[in-house]
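Inspection log for the structure reproduced underneath, given as structure tokens.
The values are calculated or read from the model by the stated rules, or taken from the named source; none is laboratory data. Keep in mind it's a predicted model, so treat the numbers as computed, not measured. Neighbour counts run over all protein chains shown; Cβ positions are idealised from the backbone, glycine included.
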Amino acid sequence: MKKNQYNFENRTALITGGAQGFGLDITKRFLDSGAKVVIWDIDDKVLDKTKKDADNVNLTSDIVDVSVYKDVEKAASKILSNSKIDILINNAGITGPTAPLWKYDVETWNKIIEVNLFGTFNCCRAVVPNMIENNYGRIVNVASVAGKDGNANASAYSAGKAGAIGLTKSLGKELADKNIAVNAVTPAGAKTRILNQMSKEHVQRMLSKVPRGRFLEVEEFTSLICWLSSEENTFSTAAVFDISGGRSTY
């Protein structure tokens, strides 16, 4: 697939969950486009491997649990002590196991909400004041088609991503009078490690709903993220961009 060129020189991007899956591909594309990139991830081994493989002075990282606000605030302050944050990609997320709501483990349900919804809130809250000060920002919240349609046996994941969509619409309106765009993307299932958390039956149900008849390629997703994160996106905000292969038509 031919990739369009984006210019992210003199821009600093913060990508949560940036050491694997969607986040890793976004990280690579941003670095190739001239950005300084900071990735947050909770998996220190994967984080170290990503940094070693990239071998790029413009890439830095930190071990951060986005569901804990104090950790997020501390890590953001570290970045802002000698830099700025122009782009925030809230990509960190977990699906959790599949089970009917009435059988779902309560602690697991809460953790999924904490990462997918609270994590998005925590990062936005820590970063937005700097964007307001600079009168520039691009925020992309990675939600899911599950947040629009609801997936059976995935109530926690569906609810968390639906919450992230609502947060996006609200924050986008709050910042609409500034040069800060806040948007969400709602991918269908993609070929990432997150599929390994789901049962084969659940994965097959997901695939059966996609008119394109295949899973999303990571590079396709990254292309949408790049445009939403670029200076070319001067008008779209508080919006939800679907990339579900025809599964959702609204």
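Looking at I85, I39, I79, I26 in this structure, which one is closer than 30 Å to K111 by Cα and free of Cβ contacts under 8 Å to residues at least 40 places away in the same chain? Can you show your working first?
Working: I85 fails: free of Cβ contacts under 8 Å to residues at least 40 places away in the same chain; I79 fails: free of Cβ contacts under 8 Å to residues at least 40 places away in the same chain; I26 fails: free of Cβ contacts under 8 Å to residues at least 40 places away in the same chain.
Only one candidate passes the filter, namely I39.
Can you find a residue in the range 151-169 that is hydrophobic (A, V, I, L, M, F, W, C), surrounded by fewer than 19 Cβ atoms within 10 Å (Cβ to Cβ) and farther than 22 Å from D65 by Cα?
yes
Can you pull out every residue in the range 69-118 that is closer than 25 Å to R11 by Cα, within 15 Å of the chain's Cα centre (by Cα) and among the aromatic types (F, W, Y)?
none
Every residue in the range 196-248 that is aromatic (F, W, Y) and farther than 24 Å from Q5 by Cα, please. Talk me through it step by step, then tell me what you get.
Narrowing the range 196-248 to residues aromatic (F, W, Y): 215, 221, 227, 235, 241.
The answer is F215, and nothing else.
Which condition does S248 not pass, out of (1) buried (at least 21 other Cβ atoms within 10 Å of the Cβ); (2) not acidic (D, E); (3) not in a helix (DSSP H, G or I), if it passes all the others?
Of everything listed in (1) buried (at least 21 other Cβ atoms within 10 Å of the Cβ); (2) not acidic (D, E); (3) not in a helix (DSSP H, G or I), S248 misses just condition (1).
Do you know which of the residues in the range 206-226 that are part of a helix (DSSP H, G or I) and free of Cβ contacts under 8 Å to residues at least 60 places away in the same chain is surrounded by the most Cβ atoms within 10 Å (Cβ to Cβ)? Steps first, answer last, please.
Filtering the range 206-226 down to residues part of a helix (DSSP H, G or I) leaves 206-208, 218-226.
Subset that is free of Cβ contacts under 8 Å to residues at least 60 places away in the same chain: 206-208, 224.
Numbers: M206: 19, L207: 17, S208: 9, L224: 16.
Only one residue fits best here, namely M206.
Scan the range 150-165 for residues that are touching a Leu at 6+ places or on another chain (Cβ under 9 Å) and of a type outside the set (K, R) and jot them down.
Within the range 150-165, N153, S155, A156, A159, G160, A162, G163, A164 qualify.
Determine which member of the set E201, E232 is modelled with pLDDT under 95 and surrounded by fewer than 18 Cβ atoms within 10 Å (Cβ to Cβ). Spell out how you get there, then give the answer.
Working: E232 fails: modelled with pLDDT under 95.
So the residue among E201, E232 that is modelled with pLDDT under 95 and surrounded by fewer than 18 Cβ atoms within 10 Å (Cβ to Cβ) is E201.
Condition check: within 25 Å of N135 (Cα to Cα) and modelled with pLDDT of 95 or more. Does V57 satisfy that?
Values: within 25 Å of N135 (Cα to Cα): no; modelled with pLDDT of 95 or more: yes.
So V57 fails the test.
List every residue pair whose Cβ atoms lie under 7 Å apart, where the two residues are 6 or more positions apart in sequence or sit on different chains, the first residue falls within the range 118-132 and is at pLDDT 95 or above, and the second residue, located anywhere, is among the charged types (D, E, K, R).
Close Cβ pairs (under 7 Å, with a partner that is among the charged types (D, E, K, R)) amount to A126/E73; N130/K84; I132/K178.
For the range 184-191, does any single residue satisfy the condition of being modelled with pLDDT of 95 or more, in a helix (DSSP H, G or I) and not β-branched (V, I, T)?
no
Return the total of residues in the range 118-160 being touching a Lys or Arg at 6+ places or on another chain (Cβ under 7 Å), in a helix (DSSP H, G or I) and of a type in the set (G, A, S). Walk me through how you get there before you give the answer.
Going residue by residue through the range 118-160, those that are touching a Lys or Arg at 6+ places or on another chain (Cβ under 7 Å) are 130, 132, 134-135, 143-147.
Imposing the further condition that a residue be in a helix (DSSP H, G or I) reduces the set to 130, 132, 134, 146-147.
From what's left, of a type in the set (G, A, S): 146-147.
Matching residues across the range 118-160 total 2.
I'd like to check something: does the range 201-210 contain any residue that is hydrophobic (A, V, I, L, M, F, W, C) and within 17 Å of the chain's Cα centre (by Cα)?
no
Among the candidates I180, I139, which residue alone is modelled with pLDDT of 95 or more, over 25 Å from R214 (Cβ atoms), under 15 Å from the mean Cα position of the chain (by Cα) and crowded, with 19+ Cβ neighbours inside 10 Å?
On the way: I180 fails: under 15 Å from the mean Cα position of the chain (by Cα).
The conditions single out I139.
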